[in-house]
Amino acid sequence: MSPVEPIAEFDLIIVGAGIIGCSAAKAFGSSGRKVLLLERDLSEPDRIVGELLQPGGINALKELGLEDCVEGIDGIPCYGYGVLYNNDVVHIPYPIDEITKKKAVGKSFHHGRFISNLRKAASATENVTVKELTVTSLIRSKEEEAPEKVVGVTTLDKSNQELKFYAPLTIVCDGIFSKFRKELTVKTPDVRSNFVGFIMKDLELPLPNHGHVILTKPSPILMYQIGKRDTRVLVDVPGKLPSASNGDLKQYMKDTVAPNLPDSVRPKFLKALETERLRSMPNGFLPPSLNDVEGMIVLGDAMNIRHPLTGGGMTVAFNDVVLLKELLSPENIPSFAETNLILEQMSTFHWKRKKYCTAINVLAMALYRIFAADNNHDLLVLLRGCFAYFQLGGERVDGPVGLLSGLIQQPMILFIKKLLRVRFKPDGYFDPEELIQCNIHKALATMNMLSSIDVNPYDFSKLLSTRFSAHIVLLQFEYGFAINRFTSPQLHALEEAQDTCIRRIYGA
């Protein structure tokens, strides 16, 4: 086995031709960078996850010029979710897409077919070279009095011949089982459960063209159509996965899962158990790490993982590429050899990506914890409350589903909206009318609370009354004023409510 030196160097080496790798190759190749895309196996992959792309991911795909990749693969439009609990079904549609001004739509499909299209698009991009090679190690510079820097990769071809390639920047996106994650961080995925997946044929779901979440014990089940005849089922199995080889896993599906399924689903489920191969994938959580290694960037599931319950992984991935393409554009980084500039931009990347990934990550992990309540009394209370909240519909679900679908990229809405009970417009800004009414309600509620415990305004001194007004009640009226504009009628309503409170404070 003798090493063969490459004929030419590249601007960028990408390890892994999956979701991130292909889209990054297309993005940077189109920007004039000379890209080498390396993949261990270029045959069509066969996976049980990565089959539902949220509307926010579709929008990112369009920004990358890859929207055609979801066409011609027997994909199914997805318009939202159906959540099933006991005998009830709640419809949670996607909200209006503020970019297209139309009803938002996602797409579900066979993962392998989608990846094949992405690889074709990458291969057809000028400046991109695609090779089927296994990357075995990273090559580091060994200059004296200088920190080690990744300058290339060592690979093996199918004949076991070693090949080396060099570039000033290497993007590692080799997935959940990443070989090179340890070069960036000591963190490892915290595996909470496993998805067991297979395909059911010709199943009619309660809400066509929607993803379905069945809330049952011990944990949730996902179902969504990925082809005209094919419906993907993903059963979440918490804890240790039963053995498939000795039949324990199949028996678990029959004894534990099937009895809790809707009557309309159970026969097809049991039939598929007899004909389909059961495959599994670990579900876990890995918080993102700051990319601070010279000459290397780690992306995708190699860098950040959330539970796939809400189907947000690909949406985060494509948005990462959109952001990275901007930050590492030729205008910002003329040459990838400018390591210090790249490290500065990667610090920016780490914080800027939070606007779209934080809400998706938080919702995925929080909802999974609630939906996998099993027999935990406290979590069951939360589960029932969560489902009842979904049943209210309308704007109460528009915000959460807008966040998890990647359409709303303002994560503070996740916290502010619920903590302060203030409505937001679809563009993510406060609704002034709602803010006025909310502030009035909070201030009057404070006065009512004081009355309920027999606080008599005549017992306050003038000084104490003034302080009470300034520090408690008036602050409630003024929340949000600095970032909004109000009409005269809105301000008049506020002034009247303030007068009411002042009279009650001073005993007028």
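Things to note:
- Backbone amide hydrogens, once placed in the peptide plane, bring Thr216 within less than 5 Å of Ile221, excluding anything fewer than 5 places away on its chain.
- Of the solvent-accessible surface of the chain, computed with a 1.4 Å probe over protein heavy atoms with every protein chain present, carbon and sulfur atoms account for 53 percent.
- Annotation: for a label point projected 7 angstrom from Cα along Cα→Cβ of Asn86, no residues of segment 191-227 have a backbone N closer than 11 Å.
- Exposure rank, largest accessible area first [Leu234, Leu407; 1.4 Å]: Leu407, Leu234
- Solvent-accessible area per residue for segment 46-107 (1.4 angstrom probe, square angstrom): 44
- Each part reduced to its alpha carbon centroid, segment 263-332 and segment 78-94 end up 23 Å apart.
- Values [x] 47, 32, 20; [y] 41, 29, 22; [z] 45, 36, 25 are given for comparison; semi-axes √(5λ) of the Cα gyration tensor in Å, derived from the coordinates here, is the one labelled [x].
- Once the C-beta distance of Asn209 and His350 is scaled by a Förster radius of 41 Å, the resulting FRET efficiency is 0.65 to the nearest 0.05.
- Helix-only [θ]222 nm of the chain, DSSP H runs n ≥ 4, -39500 (n - 2.57) each, per residue, nearest 500: -11000 deg cm²/dmol
- Percent of beta bridges antiparallel (DSSP, the chain, rounded to nearest 5): 70
- Full extension of the chain between Arg40 and Glu9 gives 9.1 nm of extra length, using 0.36 nm per residue less the Cα-Cα distance.
- Separation of the alpha carbons by more than 27 angstrom is noted, of Lys142/Lys164; Lys107/Lys325; Lys62/Lys120; Lys182/Lys217; Lys142/Lys179, for Lys182/Lys217.
- In this view, the solvent-accessible surface of Asp88, computed with a 1.4 Å probe and all protein chains in place, comes to about 80 Å².
- Residue separation of Asn340 and Glu495 scaled by 0.36 nm, minus their Cα-Cα distance, works out to 50.3 nm of gained length.
- Sequence-separation-based contact order of the chain, relative, with Cα cut under 8 Å and 6+ spacing, percent: 16
- Computed label-point distance, nm, for sites Gln161 and Asp263 using a 7 Å Cα→Cβ extension: 6.6
- Measuring with a 1.4 angstrom probe and ignoring ligands and nucleic acids, Tyr252 comes out at about 50 Å² accessible.
- Computed over protein heavy atoms with a 1.4 angstrom probe, the accessible surface ordering of Ser159, Ser347, Ser219, largest first, is Ser159, Ser347, Ser219.
- Assigned charges on the beta-carbon of Lys, Arg, Asp, Glu; the chain dipole about Cα centre (debye): 1020
- The amide H of Cys78, built 1.01 Å from its N in the peptide plane, has Gly106, Lys107, Ser108 as neighbours under 5 Å, considering only residues 5 or more places off or on other chains.
- Accessible area (Å², per residue) of segment 208-249, counting only protein heavy atoms and a probe of 1.4 Å: 37
- Length gained on full extension, Phe285 to Glu71, computed as 0.36 nm times the residue gap minus the Cα-Cα distance: 73.9 nm.
- Leu37 long-range amide H proximity, modeled H, under 5 Å: Ile14, Thr129, Val130, Lys131
- In order along segment 302-308, the phi-based Karplus estimate (6.51 cos²θ - 1.76 cosθ + 1.60, θ = phi - 60°) of 3J(HN,Hα) comes to 5, 10, 8, 10, 9, 4, x Hz; Gly and Pro are listed as x.
- The HN-Hα couplings worked out from phi for segment 224-237 by the Karplus form 6.51 cos²θ - 1.76 cosθ + 1.60 (θ = phi - 60°) are 7, 6, 10, x, 4, 10, 9, 10, 7, 10, 10, 9, 7, 10 Hz, whole numbers, x standing for Gly and Pro.
- ³J(HN,Hα) computed for each position of segment 246-263 - Karplus, 6.51 cos²θ - 1.76 cosθ + 1.60, integer Hz, glycine/proline x: 9, x, 5, 5, 4, 5, 4, 4, 6, 7, 9, 8, 3, x, 8, 7, x, 4
The values are calculated or read from the model by the stated rules, or taken from the named source; none is laboratory data. None of the values given here were measured: they were computed from a predicted structure. Using ideal geometry, Cβ is built from the backbone for each residue, glycine included, and neighbour counts are taken over all protein chains shown. When the accessible area is computed, the model is the full protein with side chains, heavy atoms only, and any ligands, DNA or RNA have been set aside. Shrake-Rupley method; radii C 1.70, N 1.55, O 1.52, S 1.80 Å.
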